1. Determine the per residue accessible area of the stretch 1-140 with all protein chains present and a 1.4 angstrom probe, expressed in square angstrom.
2. Would you mind telling me the share, in percent, of accessible area of the stretch 29-89 contributed by carbon and sulfur at probe 1.4 angstrom?
3. Pull up all non-local amide H partners of residue 80: gap of 5 or more, or a different chain, and H-to-H distance under 5 Å with H placed in the peptide plane.
4. What dipole magnitude, in Debye to the nearest 20, does the stretch 56-121 give about its Cα centre under +1 on Lys/Arg Cβ and -1 on Asp/Glu Cβ?
5. Mind giving me the FRET efficiency for residue 146 and residue 111? R0 is 35 Å, r the Cβ-Cβ distance, nearest 0.05 is fine.
6. Between residue 70 and residue 38, how many nm apart are label points set 7 Å from Cα along the C-beta direction?
Amino acid sequence: MSDATVEGGDPMPAALPGRLLVRLSWAGTAVTCVTSVANALTGDRDHYALSAVPALVLLGLGCVAFVAAFLIAVERSRTEEIGVGGLFFLEGCAPRRVQVVMMASVAVQAVVPLAVAVVRPFTAFAVLAPVWSLGLAGLWGARHGTFPPRRRRDGDDGPDSRQDATVDDRREAPGHG
């Protein structure tokens, strides 16, 4: 058994958190690739829904994953330093294996439909589908990523002090109070 694969060819160890997100990402990638290639091979412009419907569904679900990742990250950002590169591209926040596997899913889901769309432009809806894999990568980062603790900045006594300072500044400004 090589280091790259475990459990019958599965690249993700069973104990790894977020394993389902990785599998869902690759499932979406497979659906996108199979339907866009099949649609291109049929050459039937009247049946472009073969690749358009799954692509639009994955786009919609990917948008939901993006919003969920963002909301989780906003909550976590109160105590942790979270950057976009870490959140969506898993840079520095995920085990290297997870980052490589998730970003490979995004790359394949982007490149294959783009190549197919160059040959058969009516399959171009499939280029929207990578939002699915990138959204799931963001969800992995938001839920399972490790980020450094938030650093205090000079004069920052927390979120409430900024609001109080704004109120105090208005009271001291000419024409107020």
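1. Value returned for the stretch 1-140: 51 Å² of accessible area per residue.
2. Of all accessible area on the stretch 29-89, carbon and sulfur atoms account for 74 percent.
3. Amide H neighbours of residue 80: 150.
4. Using Cβ point charges on Lys, Arg, Asp and Glu, the stretch 56-121 gives about 220 debye.
5. E(calc), rounded to 0.05, equals 0.75.
6. 3.3
The values are calculated or read from the model by the stated rules, or taken from the named source; none is laboratory data. The structure presented is a predicted model; accordingly, all values stated were derived computationally and were not measured. Virtual Cβ from ideal backbone geometry, glycine too; neighbours counted across all protein chains shown. When the accessible area is computed, the model is the full protein with side chains, heavy atoms only, and any ligands, DNA or RNA have been set aside. Shrake-Rupley method; radii C 1.70, N 1.55, O 1.52, S 1.80 Å.
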